[in-house]
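The structure appears below as structure tokens.
Just so you know, all these numbers are worked out from the coordinates, no wet-lab data involved. In this text the structure is predicted, and so the values were computed from the model without any measurement. Every residue, glycine among them, receives a Cβ derived from its backbone with ideal geometry; neighbour counts consider all protein chains shown.
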Amino acid sequence: MEIKKVVIIGSGTMGSGIAAHLCNANIPVTLLDLKTEISEKARDRIYKSRPPLLIDKSKINNINIGNINDDFNIVKEADWIVEAVVERIDVKHNIYEKNIQNEKRRCYSFIKYLINTN
């Protein structure tokens, strides 16, 4: 299976680092967090990082941003979903429940889902 689109839920250190590496591989990423502003700040951190996370700064254009309330439906289009949210079981359950609801409406039933934990 070729991965063409990735959604990362959680734009902290781990989520934004994963997003940067995917961008380096020319894979489009959507970075979702509680607020779009949080995702935007993460994208800015990636761009300004020292040492640089991006091989080529123009690859930052591979990162789209959004929030889990308004933009969660984008996960339907993803070949791979990465969960990198805070280590709180209630937050993780909420994300999984949203994804299960999306899965029920999908045309196909198999997706890749990565759970990130410390």
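Observations on the model:
- The simple spin-label model puts a point 7 Å past each Cα toward its Cβ; for Asp90 and Ala25 those points are separated by 3.5 nm.
- Extension reserve of the Ile3-Lys57 stretch, reckoned as 0.36 nm per residue once the Cα distance is removed: 17.3 nm
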